[in-house]
1. Of the residues in segment 161-200, how many are open to solvent by 60 Å² or more (accessible area, probe 1.4 Å), under 24 Å from SER51 (Cα atoms) and at pLDDT 95 or above?
2. Here are the criteria: (1) small (Gly, Ala, Ser); (2) modelled with pLDDT of 95 or more; (3) open to solvent by 20 Å² or more (accessible area, probe 1.4 Å). Tell me which single one SER94 does not satisfy.
3. For PHE7, all conditions in the list (1) among the aromatic types (Phe, Trp, Tyr); (2) assigned to a loop (DSSP other than H, G, I, E, B); (3) at pLDDT 95 or above hold save one; what is the number of the exception?
4. Are any residues in segment 117-139 surrounded by 20 or more Cβ atoms within 10 Å (Cβ to Cβ), closer than 21 Å to LEU100 by Cα and among the hydrophobic types (A, V, I, L, M, F, W, C), and if so, which ones?
5. Within segment 32-62, can you find the residues that are of a type in the set (Lys, Arg) and free of Cβ contacts under 8 Å to residues at least 12 places away in the same chain?
6. For LEU29, only one of the following conditions fails: (1) touching a residue at least 12 places away in the same chain (Cβ under 8 Å); (2) over 18 Å from the mean Cα position of the chain (by Cα). What is its number?
7. Report yes if ASP33 is assigned to a loop (DSSP other than H, G, I, E, B), open to solvent by 50 Å² or more (accessible area, probe 1.4 Å) and more than 30 Å from ASP155 (Cα to Cα), otherwise no.
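The values are calculated or read from the model by the stated rules, or taken from the named source; none is laboratory data. Since the model is a prediction, treat every value here as computed from it, not as a measurement. Cβ sites come from the backbone with ideal geometry, for glycine too, and all protein chains shown count toward neighbours. Surface accessibility is based on the protein's heavy atoms, side chains included, excluding ligands, DNA and RNA. Shrake-Rupley method; radii C 1.70, N 1.55, O 1.52, S 1.80 Å.
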Amino acid sequence: MADITEFTGHIAGIGHVFYNDVDADPIDLAAFDFSKPATFGDWTWLGDTSSENLIEFDKDGGDVTNKRTWDRLNTGVSREPTSRSCVINAVNTSRDTFALGFSDYEYDEETDSYAVGSSLVAAEKAIQIISEEGALVASLYLYKTSIIGDLPTFDLEEYMEWPLNVALLDSPTKAKQFRWFPPRSRTGITAPEGQSLMAARSGAVESAKSSKA
């Protein structure tokens, strides 16, 4: 039963995407500080991602079919296998990003440009999405993913975005797809003096609303 004195909802006002080898140990959230890359461990930051088109997961399959006997209806169900995927929209395109999304890319140093063919091989990586809300931090860890990039989208007012198409796969050693780390405080990062973490959370939400208005 949920505890009426606690609230574990989370508003992902700030978010970061990291990648590493499949099944890599997750980033230590208690020590995580985005301003200190040393706290990332051996994970690589993907770079800035879109605030206009946030990560949203899709599910394919999973349809339910009711089963019956000759004598009775609705005696059971069968479910289709389910696959999950998402798109991560990268805003800045470094060589690391191209290497992740376009396996056959060729960089021309003289013209500072990237050439990409059609024979792409997906990169298999673990992905960790870390989101911050004031003094709190939460994370979604994906044990194994398959990643392929796509051509960019353009906008008159917002940053150009490079979609990275991500398919979730089962961990080869854990037989799991993802792990969720609920919101928690971090070492050395606290709420303003005299405020509880919940009050700091409320302040962060109001600040975000004001900046959006």
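1. Residues in segment 161-200 being open to solvent by 60 Å² or more (accessible area, probe 1.4 Å), under 24 Å from SER51 (Cα atoms) and at pLDDT 95 or above: 4 in total.
2. (2)
3. With (1) among the aromatic types (Phe, Trp, Tyr); (2) assigned to a loop (DSSP other than H, G, I, E, B); (3) at pLDDT 95 or above applied to PHE7, the lone miss is (3).
4. Within segment 117-139, ALA126, ILE127, ILE129, ILE130 qualify.
5. Passing the criteria: only LYS36.
6. In the conditions (1) touching a residue at least 12 places away in the same chain (Cβ under 8 Å); (2) over 18 Å from the mean Cα position of the chain (by Cα), LEU29 misses (2) alone.
7. Here the answer is no, as ASP33 does not meet what is asked.
This table checks each residue for (1) surrounded by 11 or more Cβ atoms within 10 Å (Cβ to Cβ); (2) among the hydrophobic types (A, V, I, L, M, F, W, C); (3) within 30 Å of LYS176 (Cβ to Cβ); (4) more than 24 Å from the chain's Cα centre (by Cα).
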site	(1), (2), (3), (4)
SER50	yes, no, yes, no
ILE55	yes, yes, yes, no
LYS59	no, no, yes, no
PRO81	no, no, yes, no
ALA99	yes, yes, yes, no
GLU106	yes, no, no, yes
ALA115	yes, yes, no, yes
